[in-house]
Amino acid sequence: MLSDDVQDIQQPARHIVGLSIRASLNEIIENNLGNKLREELTRREFEIANRVDGGMYLVQVYDPVPWTPDTPFTQVIGSEVAKVGKLPVGMTTHTIPAGAYLRFLHVGPMKHIGASYDAMHAWLAKNQRSGPCPFDFEYWKDPRRLEEEDTEIGINLPVKVTTA
């Protein structure tokens, strides 16, 4: 369920090291790709040097084309690092740019996050804050508890980002 508390926040740049796939939302759901990627990263997180905490990020990067559930996009699931060191085999790096973001809060099991995304998009349209979004990201404080009833997942949309 989407919390009513939408926040305008400033975020610093965050460097993420993790695993990446390119697929459509339908492919991700049908083949359980997101969960498989998260499970693999959980098994391999000890390989990531300079980790900041035990949380994980899901970054979703969209191409500048009309989006449908069949449109491929890139997903990166990774850990924040203080600095990028030598990348483990098969891993990638991604930088979430510094800037202004809208933060939405999903409360409840991950399996219900689709309804929160639907409510978030309705909120954006109602508040005239919608428009093309090149990426979004989620933060999972405890990726091992994503199906618990009290799980909180921050969903962040860029309003204005700073490029270096």
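No lab work stands behind these numbers, since they all come straight from the coordinates. Owing to the predicted nature of the structure, the values given are computational and were not obtained by experimental measurement. Note that we place each Cβ from the backbone using ideal geometry, even for glycine, and neighbour counts take in every protein chain shown.
Treating each Cα of the chain as an identical point scatterer and summing with the Debye formula, the log10 of I(q)/I(0) at q = 0.09, 0.17, 0.20 Å⁻¹ comes to -0.28, -1.12, -1.59.
Say a site is exposed when it is one of the GluC sites (Glu not before Pro), sits in a DSSP loop, and has at most 14 other Cβ atoms within 10 Å; what is then the longest site-free stretch of the chain? Longest stretch, sites excluded: 1-146.
Filter the chymotrypsin sites (Phe, Trp or Tyr not before Pro) in the range 47-81 to those in DSSP coil with at most 15 other Cβ atoms within 10 Å of their Cβ, and list the result. Here the chymotrypsin sites (Phe, Trp or Tyr not before Pro) that fit, given the DSSP loop and packing criteria, are Y62, W67.
Which of the three applies to the range 14-96, rounded, prolate or oblate, going by the alpha-carbon gyration tensor with a ≥ b ≥ c and a/c under 1.5 meaning rounded? Because a/c hits 1.5 or more and a/b exceeds b/c, the range 14-96 counts as prolate. Here's the picture: charge each Lys and Arg Cβ at +1 and each Asp and Glu Cβ at -1 in the range 7-162, and of H15, P134, L102 the one pushed furthest to the positive end of that dipole is H15.
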